[in-house]
Amino acid sequence: MDSILVRGNGPLKGQIPIAGAKNACLTLMPATLLSEEPLTLTNAPRLSDIATMTQLLQSLGAEVAGLQQGQVLAMSSHGITNHTADYDIVRKMRASILVLGPLLARDGHAVVSLPGGCAIGARPVDLHQRAMEALGAEIELKDGYLHARAPGGRLRGAVIDFPLVSVGATENALMAATLARGTTVIKNAAREPEIVDLAQCLRAMGAQIDGEGTSTITIQGVDRLHGATHPVVADRIELGTYMLVPAICGGEVECIGGRMELVGAFAEKLDAAGVSVTETERGLKVSRRGDRVRAVDVVTEPFPGFPTDLQAQMMALLCTAEGTSVLEERIFENRFMHAPELTRMGANIEVHGGTATVHGVAKLKGARVMATDLRASVSLILAALAAEGETVVSRVYHLDRGYEKVEEKLRACGAQIERVRA
Ligand code: UD1
């Protein structure tokens, strides 16, 4: 297994291009199943999760070709031959559940493996199931698979009122409703930019959607969707991660393609910690105002709140802050696995349930650490950039799921970072 070697070497300066959003791309790709005509995505990120979704769609009979080094995904679903999302693919990536809504809406039946647990918590799919049932689907659990069927072969519009905000369940419901008979109203919908991006793509395919980006989305079902070309929105989590580079190391980084509205709550916390973020013609420029950041408290929430996917990286920063910060994780129950690893680097963190108290230290120290999940892995790299000495981060396959060319992007800013192939 590959590992990443980092030598902390002070302030970093440069420009970092921000890729298309992994999480947007993972829901835009299954949208191809809704139409027999081609769907082309531009600005796609080159990541192993995208390769996994490609494999899943191909297993269903869709054609997916990566053009221009994978930045353009040309997809066509004119011949769907299989309606089963197999356990072997679904267990690798929970986002596989996003084929459920499109398959059901298109052909009236789908079989999708239950994803099982994952490192950051139980992560059930009951809300996806309930949304499909609200649209008239009959669902049975057999041998670890959800067997779903729409009576008469077509879903029907309905009111779907989510008891809690779920990004994935909102996406599944939105895609399914585009081809349902009649009107669907999704209440307590997720408002993430990835939902807005999906709605824009579906609209380009001929769907009738109103209210994306608010907590009520209304969809008027249509008989068919056509082909489209759609650019994937910038990755706000990759953006936030690289915004933390000058925050933790000093220096100045311009994140090309970054936009303030994607990272509002996060940028406010950075400002409170003593980090300036300014909009430029090409993106966002970030620099730390003093020698050290100040402690701030953080609570993760659905968008437009502080994203759970930036909590680990923010913790890395706060490990080096002056004072004590409290981080409360409200989205996933077990998302502090990076804390013991950061502790190996000299951080002072106490975790009690969903709350982590971080007492800032003046300097972190290099160590051997292990990545436990995607965002945890990059938080260790951020900490390593600011640490004294050498850090080896192992199990970096997690990193490759969500960050394209991380070593290259950081090296361009002067970081000493290299991949050690096993
Ligand atoms: C998406 C993102 C992930 C991010 C998360 C929260 C993708 C591919 N992944 O994941 O990076 O961390 O949003 O911003 O876009 N829940 C249920 N039942 C369900 C579904 C979810 O109880 O059927 C719970 C989850 O356990 C969690 C909360 O709802 O506590 C929010 O999860 P959700 O928004 O659904 O996350 P994902 O869509 O899986």
Scan segment 228-252 residue by residue and report those that are more than 15 Å from the ligand (Cβ to nearest atom) and open to solvent by 20 Å² or more (accessible area, probe 1.4 Å).
-> THR229, PRO231, GLY251, GLU252
The correct count of residues that are assigned to a helix (DSSP H, G or I), within 16 Å of the ligand (Cβ to nearest atom) and either open to solvent by 10 Å² or more (accessible area, probe 1.4 Å) or of a type in the set (A, V, I, L, M, F, W, C) (or both) in segment 172-193 is 5
Those residues of segment 57-87 that are at positive phi and of a type in the set (D, E, K, R) come to a total of 0
Restricting the first residue to segment 327-341 and requiring it to be under 19 Å from LEU380 (Cα atoms) and hydrophobic (A, V, I, L, M, F, W, C), which pairs with a second residue that is in a helix (DSSP H, G or I) and more than 14 Å from the ligand (Cβ to nearest atom) meet a Cβ separation below 6 Å and a spacing of at least six or different chains?
-> LEU327/MET315
What are the residues in segment 316-338 that are under 16 Å from ALA386 (Cβ atoms), polar (S, T, N, Q) and either within 16 Å of the ligand (Cβ to nearest atom) or under 22 Å from the mean Cα position of the chain (by Cα) (or both), if any?
-> none
Could you check, for segment 55-77, whether at least one of its residues is within 20 Å of LEU174 (Cβ to Cβ), at pLDDT below 95 and open to solvent by less than 50 Å² (accessible area, probe 1.4 Å)?
-> no
Do the conditions hold for ILE217, that is, is it assigned to a strand (DSSP E or B) and either within 16 Å of the ligand (Cβ to nearest atom) or at pLDDT 95 or above (or both)?
-> yes
Close pairs (7 angstrom Cβ cut-off, 6 or more residues apart or separate chains): without any contact (Cβ under 8 Å) to a residue 24 or more places away in the chain in segment 76-87, open to solvent by 30 Å² or more (accessible area, probe 1.4 Å) anywhere | ASN82/SER59
What is the residue count in segment 288-326 for residues that are open to solvent by 20 Å² or more (accessible area, probe 1.4 Å) and assigned to a strand (DSSP E or B)?
-> 6
Look at ALA137 and say whether it is within 16 Å of the ligand (Cβ to nearest atom), in contact with a Pro (Cβ under 9 Å, 6 or more places away or on another chain) and modelled with pLDDT of 95 or more.
-> yes
Any hit, segment 16-27, residues being of a type in the set (Lys, Arg), within 16 Å of the ligand (Cβ to nearest atom) and on the phi < 0 side of the Ramachandran plot = yes
Here the residues within segment 69-95 that are under 27 Å from ASP373 (Cα atoms) and in contact with a Pro (Cβ under 7 Å, 6 or more places away or on another chain) are VAL90, ARG91, ARG94
Write out, first by first residue and then by second, each pair whose Cβ atoms fall under 7 Å of each other, whose residues are 6+ apart or on separate chains, and whose first residue, in segment 262-280, is at positive phi while the second is part of a strand (DSSP E or B) and not aliphatic (A, V, I, L, M).
-> GLY274/ARG288; GLY274/ARG294
For residues that are crowded, with 24+ Cβ neighbours inside 10 Å and in a loop (DSSP other than H, G, I, E, B), scanning just segment 20-44, find the one that is nearest to the chain's Cα centre (by Cα).
-> ALA21
Restricting attention to segment 372-395, and to residues there that are in contact (Cβ under 8 Å) with a residue 60 or more places away in the chain and of a type in the set (S, T, N, Q), which single residue is nearest to ILE417 (Cα to Cα)?
-> THR391
So ALA356 clears everything in (1) touching an Asp or Glu at 6+ places or on another chain (Cβ under 8 Å); (2) open to solvent by 10 Å² or more (accessible area, probe 1.4 Å) except one condition, right? Which one?
-> (2)
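The values are calculated or read from the model by the stated rules, or taken from the named source; none is laboratory data. Since we're looking at a predicted model, the values are computed, not measured. Here the Cβ is made from the backbone with ideal geometry for all residues, glycine too, and neighbour counts use every protein chain on show. Areas reflect the complete protein model, heavy atoms only, side chains present, ligands, DNA and RNA absent. Shrake-Rupley method; radii C 1.70, N 1.55, O 1.52, S 1.80 Å.
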